[in-house]
Amino acid sequence: MSAKAWGGAFDEKTDPRVEKFTESISFDSRLAAVDIRGSQAHARMLARVGLISADECRQIIETLDTIGQEISRGQMAWKTELEDIHMHIESALIARIGDVGRKLHTARSRNDQVATDLKLYVRDALETLDGQLAELQAAFVDRCEIDAEVILPGFTHLQRAQPVMAAHYWLAYCEKFQRDRDRLADCRKRVNVMPLGVAALAGTSLPIDRQETARLLGFDSVAANSLDVSSDRDFLAEAIFSMSLIAVHLSGWAEEWILWCTTEFGFLKLPDAYTTGSSIMPQKRNPDVLELIRGKSARVIADVQQILTLVKGLPMAYNRDLQEDKLAFFDAFDTVYACLELAPSIVRLARLRVETINARLEEGFLDATTLMEYLISKGVPMRSGHEIVGKLVRLCETRSIKLADLSLAELQQACDKIEADVSHSLGVRNVVARLSSFGSGGREAVAERVAAWRKK
């Protein structure tokens, strides 16, 4: 019998260059554990429906356990002529238990086998990333206590806009990463549909029980169209896209903190353990880890394009093009995993430069919007109030003073509805005290959200 899974109808040997060109064992060997898990469930199902005996099932399962242990110890020799992880494991099984091993592939194809392996692997990967994101969220929530009294300028267009509690910044990242977690959970619904048992594309005449296999592997449901299963990589594209948004959110965080740790901003000190130095400039602490997190997002975004380009326009059912799908997923997962592995420690160990922040906190007219809202509360139309405050800002700029430095008389000259209580709307700390709408960056609103996040 040929060592290959398909050699019976062929008269000529495969060109070694073709074997090298078509192999996937160099990257799909990482599917070994899930391939064995799927095969063991398949064997149990075959025994239950009477296609193999209970003893044959036992032999298959026990031998697969042994093969899995050998692979984990690095004792399996990879051979290009065996193409992929599925044939390596099956060949090792047959070498040990002969014809009993040859029965394992009953009622399945490598087409549905690899789809099942991928779904098992992706499902595990999504759970891993979810755990990492939860850890990162916890790190930001912990920072809320450390920085409980710190006020930061909020920016739009990188221009100072309004003040917010520092915790508001930290919880903003928690919200982004929660959406990422929600997307992973939603993606899991499509992932957790079992392909196994549709064989190559048409199903089988053998009396298999796909629902039983799904139960054994923890799938929520069974794929209902055999043609669709062989070609479906929607779940893979969706998973990679979900990871790309995680990477984008990490990149945005990294970019902000890179700016914050510059001398020009002076908001943040990164831990030495997560920075590097210069080979020529002794004073440098470079935010290399954050820069690489920002840079690596490009790879994950490219992986989305790779998988979508791969699957566009493929004819129905399986095509060998799909061998390349794993490369995009593995790269995206490995990249995001590596970034998330470091991010929580950076968040926990970084420190805000509170004195530097406070020294410049009143710069940039962060109270201008609240002054406008004060005028609105006095009956001034919003657009009129906006113009009045704009003129006051311009006046202050000409004199290099703050809005709070203007006398009550000067303020009343701009608008006769201004009263002495205007002082409660001027100055950064007064502004933060007045921000009260749900979800705002004010003291009480933020405290409520911190408490809510601590309960999660």
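Site pair Q412 and T309 shows an inter-label distance of 7.0 nm when each label is modelled 7 Å from Cα along Cα→Cβ. Listed from fewest to most Cβ neighbours within 10 Å, the set R233, R108 follows the order R233, R108. For the chain, the longest principal axis of the C-alpha atoms and the axis of helix 110-146 are separated by about 20°. Listed from fewest to most Cβ neighbours within 10 Å, the set T275, T370 follows the order T275, T370. Proximity of backbone amide H atoms, modeled 1.01 Å from N, is registered between W78 and no other residue at under 5 Å, excluding neighbours fewer than 5 places apart on the same chain. Sequentially through segment 384-390, phi angles give Karplus couplings (6.51, -1.76, 1.60; θ = phi - 60°) of 5, x, 4, 5, 4, 5, x Hz, Gly and Pro residues having no value and appearing as x. Ordering H386, H157 from the fewest to the most neighbouring beta carbons within 10 Å gives H157, H386.
If you take the Cα centroid of segment 323-377 and the Cα centroid of segment 87-140, the two points sit 37 Å apart. State whether the chain is rounded, prolate or oblate according to the following rule on the C-alpha gyration tensor (a ≥ b ≥ c being the square roots of its eigenvalues): a/c under 1.5 gives rounded; otherwise a/b larger than b/c gives prolate, and the remaining case gives oblate. Judged from the Cα gyration tensor, the chain comes out prolate (a/c at least 1.5, a/b above b/c).
Amide H contacts of I151 (H built 1.01 Å from N, in plane; Pro and chain starts excluded): A166 sit under 5 Å, all sequence-distant by 5 or more or on other chains. Couplings 3J(HN,Hα) for segment 287-294, derived from phi with the Karplus relation 6.51 cos²θ - 1.76 cosθ + 1.60 (θ = phi - 60°), are x, 4, 5, 5, 5, 6, 4, 4 Hz, where x marks Gly and Pro.
Within the same chain, aspartates and glutamates fewer than 8 places from K378 are excluded, and of the rest, those with a Cα less than 19 Å from its Cα are D367, E387, E410, D416, E419, D421. What shape does segment 308-396 have by the C-alpha gyration tensor, where a ≥ b ≥ c are the square roots of the eigenvalues, rounded means a/c under 1.5, and otherwise prolate means a/b greater than b/c and oblate the rest? Because a/c hits 1.5 or more and a/b fails to exceed b/c, segment 308-396 counts as oblate. Taking the alpha carbon gyration tensor of segment 15-135, multiplying each eigenvalue by 5 and rooting it gives semi-axes of 24, 21, 14 Å, largest first.
Rounded, prolate or oblate: which fits segment 368-454 when a ≥ b ≥ c are the square roots of the eigenvalues of the alpha-carbon gyration tensor, with rounded for a/c under 1.5 and prolate only if a/b beats b/c? Cα axes put segment 368-454 in the prolate bin. The 3J(HN,Hα) values that the Karplus relation (6.51, -1.76, 1.60; θ = phi - 60°) gives for segment 150-167 are, in residue order, 7, 10, 10, x, x, 10, 10, 6, 6, 10, 4, 10, 9, x, 9, 5, 4, 4 Hz. Gly and Pro appear as x. Relative to the longest principal axis of the Cα atoms of the chain, the long axis of helix 54-72 lies at roughly 50 degrees.
Bear in mind these aren't lab numbers, they're just calculated from the coordinates by the rules spelled out. Because the structure is a prediction, the values reported are computed rather than measured. Methodologically, a virtual Cβ is constructed for each residue, glycine included, from the backbone with ideal geometry; neighbour enumeration extends over all protein chains shown.
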